[in-house]
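Asker: A single structure is presented below for examination.
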Amino acid sequence: MKIQALLGINGYSLIVCHCSGNSYQLSIIEQDRTIINFEGIYATLQIAIDRGKSVIQNLDYCRHDASNRG
């Protein structure tokens, strides 16, 4: 497994690793150091990165929504 991308987005870290073929592992590290890992089949590295960014946007939205309720 080889790291293909490492990005910082809104306080999260996104790590994209190439497993084999079109298989990538996405790891998202939250500000509290919680790690979320998942694998997927993506046609390109850019699509894998875009998927990771989308997950981060959803996590960020949920975090802010929950803090506004509380």
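Asker: For the chain, set up a Gaussian network in which alpha carbons nearer than 10 Å are linked by springs, and say which option among 29, 56, 47 fluctuates the most.
Answerer: Largest GNM mean-square fluctuation: 47.
Asker: Sequence-distant or interchain residues sharing an amide H contact under 5 Å with residue 5, placed H: which?
Answerer: Residues meeting the amide H criterion: 16.
Asker: By how many degrees, between 0 and 90 and to the nearest 10, does the Cα long axis of helix 45-69 differ from the longest principal axis of the chain?
Answerer: 10 degrees
Asker: Of the heavy-atom accessible surface of the chain (probe 1.4 angstrom), what whole percent is carbon and sulfur?
Answerer: 50 percent
Asker: Roughly how many Å² is the accessible area per residue of the chain, as a whole number, for a 1.4 Å probe?
Answerer: 66 Å²
Asker: Moving on to the next point. Mean 1/r over all different Cα pairs, inverted: what Kirkwood radius does the chain give, in Å?
Answerer: 12.5 Å
The values are calculated or read from the model by the stated rules, or taken from the named source; none is laboratory data. Nothing here was measured: the structure is a model prediction, and the numbers come from that model. Surface areas here come from the heavy atoms of the whole protein model, side chains and all, with no ligands, DNA or RNA. Shrake-Rupley method; radii C 1.70, N 1.55, O 1.52, S 1.80 Å.
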